[in-house]
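J.: Before anything else, here's the structure in question.
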Amino acid sequence: MALTSIFGMFFDGEWDFLLEIILRSLVMFLLILVMLRISGRRGVRQLTLFEVAIILGLGSAAGDPMFQEDLPIVHAILVFLTVILLYKGITWLSAKSAFVNKLMEGDPLVIVRNGTFAVTEDNVDNFSKMEFFAELRNESVEHLGQVRTAVLEIDGSISIIRYAPKELRYGLPLFPDDYKEIQLTEQITGHFACMLCGQIETVIRPNFKCPTCGRCQWTNAIRTEYH
């Protein structure tokens, strides 16, 4: 490939259009900030799926006019106004109708109940174990025996109710150093946790299936206090 062709990949010599791109980008960036402010959001730390869809729509509408000279900025403004009006309208409907609110944002999901993951035969294949492990570790939870209830909220955050210190029980360890499968060759006794749902058993044997989720992988349960 000739040197001039390589150079042409990066710059076509149209200095006037480069200046126009800079101006378009500034205008669209300011327009995005204004529209997000109009939407009522004060930050983006936690967003619902509906709000993510709105932001993606605004981003798509803002991106092309920044560098395509055949797309007037007024077209992007029209898209922005439409999206914001749609957002405001659906938000209003969600406040008035529980059905619309559930349809747009979903329901909170209980992920831990009484020290074990809320896994059943119906949802075991869709259970995102490692994702929930990470979320609970971020909340300084060492094992499930410390948690009475944990709820995954619609905005992606986790709400946790912990057991009081005197109510701590044996639970599934959540950190890699303790989360190791036991290789069984005979029946053993102690405190053991199912590596998927956290069900606690005191007697296990080779190929012993968890009564909750049907898996047969076990690790030593722990009962440490909060750090």
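The values are calculated or read from the model by the stated rules, or taken from the named source; none is laboratory data. What you see is a predicted model; the values in this text were computed from it and never measured. Don't worry about glycine lacking a Cβ; one is built from the backbone with ideal geometry, like all the others, and counts go over all protein chains shown. Note: accessible area is taken over every heavy atom of the protein model, side chains too, but ligands, DNA and RNA are not part of it. Shrake-Rupley method; radii C 1.70, N 1.55, O 1.52, S 1.80 Å.
J.: Given a Förster radius of 30 Å and the C-beta distance between Asp178 and Glu153 as r, what FRET efficiency does 1/(1 + (r/R0)^6) yield to the nearest 0.05?
T.: According to the calculation, E is roughly 0.65.
J.: Among 148-155, 182-189, 201-208, how do they line up from the highest to the lowest mean number of other beta-carbon atoms within 10 Å?
T.: On the way: 148-155: 17.4, 182-189: 10.4, 201-208: 12.6.
Put in order of decreasing packing, that is 148-155, 201-208, 182-189.
J.: If each residue of separation counts as 0.36 nm, what is the full-extension length gain between Tyr226 and Phe208 once their alpha-carbon separation is subtracted? Display every interim value, and only then the final one.
T.: Details: separation 18, 0.36 × 18 = 6.48 nm, distance 3.08 nm.
Full extension from Tyr226 to Phe208 adds 3.4 nm.
J.: Label 7 Å along Cα→Cβ of Glu167; segment 140-154 residues with amide nitrogen under 11 Å?
T.: Taking a point 7 Å out along Cα→Cβ of Glu167, the residues of segment 140-154 whose backbone N falls under 11 Å are 147-149.
J.: What's the extension gain from Leu26 to Leu109 if we count 0.36 nm per residue and subtract their Cα-Cα distance? List each step's numbers first, then the result.
T.: Numbers: separation 83, 0.36 × 83 = 29.88 nm, distance 4.12 nm.
That pair, Leu26 and Leu109, stretches by 25.8 nm at full extension.
J.: Roughly how many nanometres apart are two label points built 7 Å out from the Cα toward the Cβ at Leu19 and Thr82?
T.: 3.3 nm
J.: Another question about this same structure. Could you do me a favour and compute the accessible area per residue for segment 116-215, 1.4 Å probe, result in Å²? Kindly include the intermediate steps, with their values, before the conclusion.
T.: Working: 5430 Å² over 100 residues.
Counting only protein heavy atoms, the per-residue value for segment 116-215 is 54 Å².
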